[in-house]
Amino acid sequence: MAVSTQAPRGSRRDQILAIAVRLFAERGYHGVSMDDIGSAAGVTGPALYHHFAGKEAMLAAALLPVSQGLLDGGQQRVATHTGDPWAALESLVDFHVEFALTNPAVIAVQLHELDRLPEDPRRHIRKLQRLYVEEWVSVLGLVRPDLASAEARVLVHAAFGLMNSTPFLGGDVDATRRAALLRTAALAALLATDDKPDTLP
């Protein structure tokens with residue numbers, strides 16, 4: 001059977017969006033113009049505006065699917081391990097570490113440029129993010145019944161801080177080892193207690 005060599009529909013739009021995200025991450029939202037994006041993508045102004053109304057539309061198109069994808073993926077991981085919260089927690093960590101290592105530019109843009117969006121898409125993204133956090137909080141509460149929900153939420157955000165540090169990490173450690181280190185650090189943050197080891201004064 002012959003395999004079609006036709007580019008998938010929307011692939012050019014996705015390429016332009018990836019270039020825009022990279023430029024936003026490198027220079028900041030206000031440091032990038034539509035002309036910069038068009039030049040980097042090798043497209044003219046009219047062709048660029050055929051895909052996106054402007055920079056705000058590009059930013060929303062980059063961040064909305066990511067937040068929805070994280071929520072959907074997190075829910076799927078939890079559903080796969082119903083009845084085994086420890087396995088669900090490990091799966092969530094693996095899922096987010098893989099995302100973080102694969103999408104450092106998106107993480108950088110999300111951390112620094114989300115407030116550039118108009119109110120409606122910004123609120124939608126914030127809602128998706130909160131729902132994703134609550135998936136983690138629910139699972140951690142089952143693994144750590146000693147924690148109140150607010151305490152579990154603190155640890156979840158601490159774990160996210162570790163895993164989302166990838167845009168700021170150098171390339172001295174290969175991706176496989178980096179993933180292992182981030183996984184171990186995130187689980188350690190989630191399982192942290194107030195108990196001091198006997199060796200401490």
In segment 108-119, residues that are assigned to a helix (DSSP H, G or I) and open to solvent by 10 Å² or more (accessible area, probe 1.4 Å) total 8
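The rows are residues; the columns are (1) closer than 25 Å to Leu71 by Cβ; (2) open to solvent by less than 50 Å² (accessible area, probe 1.4 Å); (3) β-branched (Val, Ile, Thr).
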{"site": "Ser138", "(1), (2), (3)": "yes, no, no"}
{"site": "Gly141", "(1), (2), (3)": "yes, yes, no"}
{"site": "Asp146", "(1), (2), (3)": "no, no, no"}
{"site": "Val156", "(1), (2), (3)": "yes, yes, yes"}
{"site": "Leu162", "(1), (2), (3)": "yes, no, no"}
{"site": "Thr193", "(1), (2), (3)": "no, no, yes"}
If we keep just the residues of segment 69-87 that are free of Cβ contacts under 8 Å to residues at least 12 places away in the same chain and open to solvent by 70 Å² or more (accessible area, probe 1.4 Å), which is farthest from the chain's Cα centre (by Cα)? Gly83
More than 27 Å from Gln15 (Cβ to Cβ), in contact (Cβ under 8 Å) with a residue 40 or more places away in the chain and not aliphatic (A, V, I, L, M): is that true of Glu135 in this structure? yes
Just a yes or no: is a residue in segment 38-58 buried (at least 18 other Cβ atoms within 10 Å of the Cβ) and polar (S, T, N, Q)? no
Looking at segment 128-185, which of its residues are among the β-branched types (Val, Ile, Thr) and over 21 Å from Leu63 (Cβ atoms)? Val137, Val139, Val143, Val154, Val173, Thr176, Thr184
Among the residues of segment 164-182, the number that are open to solvent by less than 70 Å² (accessible area, probe 1.4 Å) and either on the phi > 0 side of the Ramachandran plot or among the charged types (D, E, K, R) (or both) is 1
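Does segment 154-174 hold any residues that are part of a helix (DSSP H, G or I), more than 19 Å from Ala87 (Cα to Cα) and either in contact with a strand residue (DSSP E or B) (Cβ under 7 Å, 6 or more places away or on another chain) or of a type outside the set (Phe, Trp, Tyr) (or both), and which are they? Outline the logic, then answer.
Start the filter on segment 154-174 by keeping residues that are part of a helix (DSSP H, G or I), which leaves 154-163, 166-168.
Now narrow it down to the ones that are more than 19 Å from Ala87 (Cα to Cα): 154, 157-158, 161-162, 166-168.
Passing the criteria: Val154, His157, Ala158, Gly161, Leu162, Thr166, Pro167.
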Are there helices (runs of 4 or more DSSP H) fully within segment 31-107 with at least 1 residues that are over 30 Å from Val137 (Cα atoms)? List them. 34-41, 45-51, 55-80
Which residues, taken from segment 120-129, are under 22 Å from Ala79 (Cβ atoms) and open to solvent by 50 Å² or more (accessible area, probe 1.4 Å)? Lys127
Can you find a residue in segment 92-103 that is under 27 Å from Leu190 (Cβ atoms), of a type in the set (Val, Ile, Thr) and open to solvent by less than 80 Å² (accessible area, probe 1.4 Å)? yes
Among the numbered criteria (1) part of a helix (DSSP H, G or I); (2) hydroxyl-bearing (Ser, Thr, Tyr); (3) open to solvent by 50 Å² or more (accessible area, probe 1.4 Å), which single criterion is violated by Tyr132? (3)
What's the number of the condition Arg116 fails, among (1) at pLDDT 90 or above; (2) over 15 Å from Leu162 (Cβ atoms)? (1)
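The values are calculated or read from the model by the stated rules, or taken from the named source; none is laboratory data. Note that the structure is a prediction, hence the values are computed from the model and not measured. Glycine also receives a Cβ, built like all others from the backbone with ideal geometry; neighbour counts cover every protein chain displayed. When the accessible area is computed, the model is the full protein with side chains, heavy atoms only, and any ligands, DNA or RNA have been set aside. Shrake-Rupley method; radii C 1.70, N 1.55, O 1.52, S 1.80 Å.
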